[in-house]
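Read the structure below first, then the notes.
Just so it is clear, none of the values below were taken in a lab; they were calculated from the coordinates. From a predicted model like this one, the values you see are computed outputs, not experimental measurements. Here the Cβ is made from the backbone with ideal geometry for all residues, glycine too, and neighbour counts use every protein chain on show.
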Ligand SMILES: *Cc1c(COP(=O)(O)O)cnc(C)c1O
């Protein structure tokens with residue numbers, strides 16, 4: 001697939017922008033990268049400076065060059081008015097929700113949302129008087145029927161976690177504009193490189209930097225970018241909570257950012273190759289990859305996204321037992337079994353969304369697995385999965 005990865009906001013190509021964004025070489029003796037600033041205290045020279053807060057930086061929680069490099073780079077990359085950071089992706093989801101909501105509000109959440117986000121709504125937000133209604137992620141303009149007088153916010157996650165439904169984002173943000181609602185989208189899968197969430201009308205955009213931005217499974221980080229309307233409120237919420245990430249994690253995220261486009265291109269190529277191969281295996285019933293027509297919302301992906309990444313799911317044919325699955329997974333050699341994704345290593349994880357969905361009925365019969373394709377040699381990755389499928393069927397052969 002050839003595609004010019006031009007950022008629609010600027011004349012420079014995406015690789016050039018990723019190489020240049022957030023750098024402050026002039027203030028760091030010419031060194032290419034912004035150094036790792038650790039610290040709580042920032043010293044003022046005079047009483048007058050202190051009283052008038054006349055300093056570029058004033059205290060650790062109020063920012064440092066390391067954090068600012070990442071924030072400014074992410075805002076530019078996302079086409080946002082501003083970005084605030086969090087110590088994890090889930091922290092960024094929390095920050096975005098606390099920015100948008102107040103006590104007594106009603107919130108709309110897709111049934112396909114990242115599971116810990118669901119827990120946050122049911123526990124913490126409920127305790128603060130926010131009521132959540134789950135909706136079928138395939139609803140677009142039809143979501144209007146669920147809007148109540150006290151609805152303030154529509155949350156989106158596209159594609160959905162584990163099940164990869166791609167949402168009709170423009171239809172939902174049009175509805176939100178018409179009813180003066182705030183929209184938040186979890187854009188972790190696509191990143192701003194493959195889905196321009198603010199340009200599609202989203203107010204707040206969440207990215208788990210833990211995944212592709214980091215790219216190496218060695219940090220936890222979250223980012224929330226805001227458009228002009230929401231930026232003052234996001235900044236205020238962030239400053240009140242002061243739940244910022246450590247400087248070293250921001251430094252590593254900036255390092256990851258420099259190669260994000262190259263890693264995503266590889267993830268896309270390998271992801272598609274593995275998805276198409278899996279779709280042709282006799283043990284596999286359905287592949288849920290946004291770039292394949294078998295994925296719900298594929299037409300929206302085709303219309304709105306400029307690429308796909310290396311995480312997707314597949315559903316096995318009916319009749320396999322937990323023991324069959326254990327035989328398959330326990331002996332994988334390349335694929336590790338673990339949460340998260342976006343790193344250099346291949347991962348596989350089973351899931352069962354029948355246990356928590358409330359707005360939709362999951363009709364698939366077979367066991368479900370999510371894979372993340374890593375940077376190992378593709379032949380090894382594919383052979384490991386094929387051997388796994390052989391073990392799955394072994395007893396029945
Ligand atoms: C992983 C993930 C998160 C949470 O990120 P953490 O850094 O692990 O807290 C949020 N949303 C989505 C879609 C994710 O995949």
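When the alpha-carbon atoms of segment 342-393 are used, the pair Rg, Dmax equals 14.2, 40 angstrom. Length gained on full extension, residue 357 to residue 255, computed as 0.36 nm times the residue gap minus the Cα-Cα distance: 33.0 nm.
Relative protection proxy for 158-170, 204-216, 286-298, 138-150, from highest mean packing down: 204-216, 158-170, 286-298, 138-150 (other beta-carbon atoms within 10 angstrom). With neighbours defined as other Cβ atoms within 10 Å of a residue's Cβ, the residues 28, 106, 52, 198 order from fewest to most as 52, 28, 106, 198.
Here segment 246-397 is treated as an ellipsoid with the same Cα gyration tensor; its semi-axes, largest first and in whole Å, are 27, 20, 16. In the calculated pair-distance distribution of segment 56-142, the portion above 14 angstrom amounts to 72 percent of the Cα-Cα pairs. Ranking of 18, 230, 223 by neighbouring Cβ atoms within 10 Å, starting from the fewest: 18, 230, 223. The stretch between residue 128 and residue 235 holds 36.4 nm of extra length on full extension. This uses 0.36 nm per residue minus the Cα-Cα distance. Evaluated at q = 0.18 Å⁻¹, a Debye calculation over the C-alpha positions of segment 165-259 (equal weights, vacuum) places log10 I(q)/I(0) at -0.90.
The slack between residue 62 and residue 180, meaning 0.36 nm per residue of separation minus the straight C-alpha distance, is 39.4 nm. Computing Rg and the Kirkwood Rh from the Cα coordinates of the chain gives a ratio, Rg/Rh, of 0.99. Centre-to-centre separation between the Cα atoms of segment 21-98 and those of segment 161-234: 21 Å. Going by neighbour counts of Cβ atoms within 10 Å, the residues 72, 346 line up, fewest first, as 72, 346.
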